[in-house]
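The values are calculated or read from the model by the stated rules, or taken from the named source; none is laboratory data. Just so we're clear, the structure is a prediction, and the values are computed from it rather than from any experiment. Counting neighbours? That spans all protein chains shown, and the Cβs are built from the backbone with ideal geometry, glycine included. Surface areas here come from the heavy atoms of the whole protein model, side chains and all, with no ligands, DNA or RNA. Shrake-Rupley method; radii C 1.70, N 1.55, O 1.52, S 1.80 Å.
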Amino acid sequence: MQDICCKLSRLAAVVVAILLSCEVFAQTTFPTVYVSTGAGQQILAIDGSSGTITGVCNVSFVPEDVVIGPDGNLYIANTTGNKIFRMSPTPFPAGNCTPEQIYDSTSSTCTDVNNNPLQCPTGPEGPSFLHINTLDLYFNTHGSSQGVWKIAAIANSGASSCTNVNGCAIQVLGPLAAGASGEGLDFDIFGNLLAVDQADNTVFRSVVNNGLFGPATALVTSSLSSPFGVALNTCGDVLVATGKSVNRYSSTTGALLDSLNFSGNNKPKFLEVDSADRLYVVTAQDESGKGGTVARFDPGSGNLNSCNLATTKNSPGFTKGFSLALNPNLVPGLATGNALGLGISASDVQIGPLPISSTPQLFSFGAQHTFSVSCSQVAIPFTMTVTALKSRPTDAQNAEVTFSPSSVDPTIPVWPAVTSPQCPVQIPDPVCVHYGSDHGDCIQYAETTDVDPTLACPGGFTFKVGYFAADFLADPGGAHSTGTGRTDQYTDCQSQDFYATAGPGLDSGGRLSGSNSKHVVFSSGLTFNGTITLNSPISSCQPTSICNPQFNAGQNINVKFSLTDATGGAITNATEQLSILLVQHTPKGAKQPIIDMVPQTVVATKNSAVANFFVPNSSGQYSYNDDSSAFSPTFAKGTVAIYQFNIWGNGAPPFSFNVTVLF
């Protein structure tokens, strides 16, 4: 474990002037790196710390891209054979191994999005997993079957293969550009699907809205040359292997930020990023994987958020961790120098120790999951270290995150029968929340301190949790365990105030109180089942309708609604949040609108809301003043844009309405 001392943070400087606040970024485990050799017909296991080959697996097919699923299994695309295989990598087999075939284009049953029979796709490529509780495997195609497809629930413990799941392969996006061939596939931190179109030198993005995929639009169109793999760092930047470089692009605008260049015949093909923003890259001379190398590049500053630091183009500040050129002389059993597909196992990361006081101290694990910690009254100065543990979800085989509702106090009614939420409550069927671009892993937070927390902070810690996720979570919750192991059960419900967000820059929030412990966020299935009545912008607005037909950008948009239960009574203790999606814009004089489907930053004004949450009054009216000047991009004068406002939380089903804005 390596401790890296960095600058005194502004927060820490304000909090405790006499204590040296040194953020320590310590990777608790390096991931195992799995590399397929393509035409070499082998899969290698490589130590992510040293670059040492620890296992060689011989297969009877040509393995191309690989990914580790949320169930801990290795999923392997056999592109030329039109198949997908699955195998357990632990312990990694030596010599010949026989992965289980889960998909075959000639024998699997495939349907379109309307469940109509459809010819199964050939040339599967770029396997990846989305999050939440479906555990679907997505892939795009190389060859004649353009598009993006999914194998539903294949990472669940009950799913044995695609051939015995009715309609398990479904086309979720229409064909890419004519003659296009797909390569890499991933999901950004907002759950939007990213697909590489090699023929058109483009990376497409399909925005997810309330769990549904919208139309595919180009995100990255410049500076690409035969793009191959795509990945995300912890800050949400999009990394693309193109030509002899790995380019980094803005997750929202697609603008080129910087490049990591390779020399000679080393062309980057596939890439992955771990929890500490270390970049793993497979390079080769051609698409067969000839002359393959495997390399790890570490952020030069050692800071987890170094991807946010200003960098000079062509010099993003990486240092090389290791570089391994494959050849048959490295280890017994290795018969090829090919390298192609790349997958890495889940890895954990620590932040701390940081001083804790009444002023919140931020623990930031990149863009995907952050939280602050404060103490109402510090009796003894102390520090805290937080570890983010990537774990298997509750609905996959050999789950690591488990809940035990039966141990909850039976005298406390089941939510929402209680007038005010209490803890603990009985959780009927909790499922831990997964994260986009983490290939379906769950996140547990474990806190440790250097003193007895009950003495240092008698009132207990308060955690405000924020994270980004793709799908709408109607009923999120948080729980904690006082155990120290990875597989401790969670029995104590702490809050119903955890929310996924739907766009860049949206801060989500919730609060947990407790002593030294572990925390997890879950989808609880608990709601008020109330009704939303919109009071502003205008009372006649209906879901999905266009109301307030003209609104000047830069003015506040006052959003008010009433939340009532089945009897018409006011619900005042629900938690509701706002997200906004730019649907389309029409330039001045244009006859046809331009479809955008881009999430927008939500900013509250006049302290009307905190962290994009509505604030209720005693009559059950919830109010939010939105600063429309935060909308992006800024269009030319005369442009008319339509924005979709989404109100959602644990009080009622999602409520949407459209606002037309004049620039």
- request: Express the carbon and sulfur contribution to the solvent-accessible surface of the range 592-663 as a percent, rounded to the nearest whole number, probe 1.4 angstrom.
  value: 57 percent
statement: Under the Karplus relation with 6.51, -1.76 and 1.60 and θ = phi - 60°, whole-Hz ³J(HN,Hα) for the range 624-637, x at Gly and Pro, equal 8, 9, 9, 7, 6, 5, 7, 4, 9, x, 7, 8, 5, 4
- line: With 0.36 nm assigned to each residue of separation and the Cα-Cα distance removed, residue 376 to residue 558 gains 62.1 nm
query: In terms of modelled amide H atoms, which long-range or inter-chain residues lie less than 5 Å from the amide H of residue 54?
result: 45, 46, 47
task: Note the full-extension length gain between residue 60 and residue 455 as 0.36 nm times their separation in residues minus their Cα-Cα distance, in nm to one decimal.
output: 136.1 nm
- line: Pairs over 20 Å Cα to Cα, from 83/244; 83/390; 150/290; 269/390; 591/637; 244/320, come to 83/244; 83/390; 150/290; 269/390
- request: Give, in nm to one decimal, the length gained when the segment between residue 529 and residue 448 is fully stretched (0.36 nm per residue of separation minus the Cα-Cα distance).
  value: 25.3 nm
message: Show me the ranking of peptides 118-130, 615-627 by mean Cβ neighbours inside 10 Å, starting with the highest.
response: 118-130, 615-627
statement: Under the Karplus relation with 6.51, -1.76 and 1.60 and θ = phi - 60°, whole-Hz ³J(HN,Hα) for the range 263-279, x at Gly and Pro, equal 10, x, 8, 7, 9, x, 10, 10, 8, 9, 10, 9, 5, 9, 6, 7, 9
message: So, R0 is 45 Å and r is the distance between the beta-carbons of residue 116 and residue 619; what FRET efficiency does that work out to, to 0.05?
response: 0.35
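Hey, with R₀ at 45 Å, roughly what FRET efficiency would residue 221 and residue 362 work out to, going by the Cβ-Cβ distance, to 0.05?
Calculated value: 0.80.
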